[in-house]
Amino acid sequence: MRLLVLGQGPLPPEQAAGRAGRVSAPSIRAWHVALALQEAGHTVALVSIKAGSAETAGPRELSPGLTLHSFSDAALTGQEALSGLEKTFQPDAAAGISAWPSYLGALYLAPGLPFWADLFGSPLAEGQAKAFQAADDSLLGPFARFERTIMRRADVISTVSIYQEHATVGAMATHGRLNHLTDGYRLAYTIPATLDPRRLPPADQPFLRGKIVPDDAFVVLWSGGFNTWTDVETLYQGLTGAMAANPDIHFVATGGALPPHDTQTFPRFQMIVENSSYKGRFHLLGWVPYEGLHNYYLESDLGLILDRWSYEGVLGSRTRLLDWLLYGLPAIVTETAHLTEELVREGLAFSFPHGSPEGLAGRLLELAAAPERLRQAADKGPAFISERYSYQNACQPLLDWAANPRQAPDAGHSLPSFGASPDNTVQERLLADYQSQLEEKNELIASLESWAREMETRLQKPSRLPFAHRLRQRFKRQS
């Protein structure tokens, strides 16, 4: 089959070797899906959708049967690039991987093309977390539109957990998709978090030990973004509580802010650390080159990821845990997502209560004094997650569908009146075009704010208003 796969760029093969840059979990998931389909014998055109007005590039053949096309949001929403690629490639079916690519696919692909949408987490639950952060429910609007458009168009939807699958079926019912035509037809499947089970070799020289941390340090690692769900107060207080009792504990973070989605959480953590008497044992390294990230896993003793309890966590996943375990790094977690529950049950992760700095500090001290427990988890982890979460196995529902793609029985039919709304495709396309322009502007603002916060932290000069806030207000007046 000829399959069109839409993913959130930049994708892993687009990152220049040796250069730091953010490759997000949705981007990695799109890459894994494309690999699974290509290795199953399909011809795949993989589309990398980049924020703002990034230059269009490609096509570039990555391997036989797998071609990469790179488009900006603006090219898709304003220049009909996707419909043009559909005409030249002539796919038998298409798949959108994560919410934004799926939304664009639902809007711009031909209505008669079989379409699989992967909702890598709940859009509305993510919107709720962002609205909570800003205390502004108006932020829910775009997330609701993304979800509604996808659920009304997709022939099949995949989710990241069984919890999200059940929630998605309920949501599809409210949009009229559980009707007499789809009775007996499965509208949703679970494709859990995925990983590539092939381990990369370690570097010849250390990345951390003897350079950033002492050789004998007990290294606690955070890798990836500081998202809206990150409980930075519990993170800091738990770490410093453990550091006070154990002078060998050091915290290393690779990753940081997630512009334009979240530009507040990581800077807030940076400010807390900067004013701490323990700041010499916090090593915030920022985004590091993707191809060398595994070396930080290999040199660490324990991973750490924690969140506030929220529906974003319950209906989402924490994919970095799989990458850590592939390289023998167990983790401390809060049990929120289905994945964290399973890993705790298997003895591959160790939990503490949400919002409990004392619980986190206690766990850290307990495990720092129990190397045998960590060794047992490290020995078990790689084989367990490689079998269960390898992209070849995890993507099996999509592979089965791709062998004979078809539309849902209600495709092209009017939906029940309670779930119906006027045909608003034209309006949605206008909104998508506006959204892509807004994302470009937000990305610029986020970049300027990040620089401003960094300068303010370095200078430590008091000001009537934070410099980042004044810069944002000035930018708004000029735009």
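Every number here is computed from the coordinates shown, using simple stated rules; none is lab data. These numbers come from a predicted model, not from an experiment. For neighbour counting, all protein chains shown are included, and Cβ atoms are generated from backbone atoms with ideal geometry for every residue, glycine included.
Taking the 0 to 90 degree range and rounding to the nearest ten, how far is the long axis of helix 371-389 tilted relative to the main principal axis of the chain, both from C-alpha atoms? Taking the Cα atoms of the chain, the angle to 371-389 is about 10 degrees. The simple Förster model, with R0 at 41 Å and r as the Cβ-Cβ distance, assigns residue 404 and residue 140 a FRET efficiency of 0.65. Here the Karplus curve 6.51 cos²θ - 1.76 cosθ + 1.60, taken at θ = phi - 60°, turns the phi angles of segment 201-211 into couplings of x, x, 6, 5, 10, x, 8, 10, 6, x, 10 Hz, with x standing for Gly and Pro. Residue-wise HN-Hα couplings along segment 289-295, as the Karplus relation 6.51 cos²θ - 1.76 cosθ + 1.60 with θ = phi - 60° gives them from phi, are x, 4, 6, x, 4, 5, 5 Hz; Gly and Pro carry x. Per residue of the chain, the DSSP helices (runs of n ≥ 4 H) give a summed -39500 (n - 2.57) that works out to -14000 deg cm²/dmol at 222 nm. Using a/c under 1.5 as the rounded threshold, could you call segment 282-383 rounded, prolate or oblate? The axes a ≥ b ≥ c are square roots of the C-alpha gyration tensor eigenvalues, and prolate needs a/b larger than b/c, oblate otherwise. It comes out rounded by the Cα gyration axes. Cβ-to-Cβ counts within 10 Å put 50, 130 in ascending order as 130, 50, the fewest first. The antiparallel fraction among DSSP beta bridges confined to the chain stands at about 10%.
Overall, the anisotropy analysis places segment 272-322 in the oblate class: the square-rooted eigenvalues a ≥ b ≥ c of its C-alpha gyration tensor yield a/c not less than 1.5, with a/b not exceeding b/c.
Just for segment 218-389, what percent of DSSP beta bridges are antiparallel, to the closest 5? Walk me through the intermediate numbers first.
Details: 1 of 19 bridges.
Given both bridge residues lie in segment 218-389, the antiparallel proportion sits at roughly 5 percent.
Relative to the dominant Cα principal axis of the chain, helix 162-174 is inclined by about 40°.
The simple spin-label model puts a point 7 Å past each Cα toward its Cβ; for residue 205 and residue 415 those points are separated by 5.7 nm.
Under the simplified labelling scheme, the residue 39-residue 57 pair shows an inter-label distance of 2.5 nm, with each label point 7 Å from Cα along Cα→Cβ. The H on the amide N of residue 154, modeled in the peptide plane, is under 5 Å from the matching H of no residue at least 5 residues off or on a different chain. For segment 218-389, a simple Cβ point-charge model (Lys and Arg +1, Asp and Glu -1, everything else neutral) yields a dipole of about 140 debye relative to the Cα centre.
What angle, in degrees between 0 and 90 and rounded to the nearest 10, separates the Cα long axis of helix 140-153 from the longest principal axis of the Cα atoms of the chain? Once rounded, the angle reads 40 degrees.
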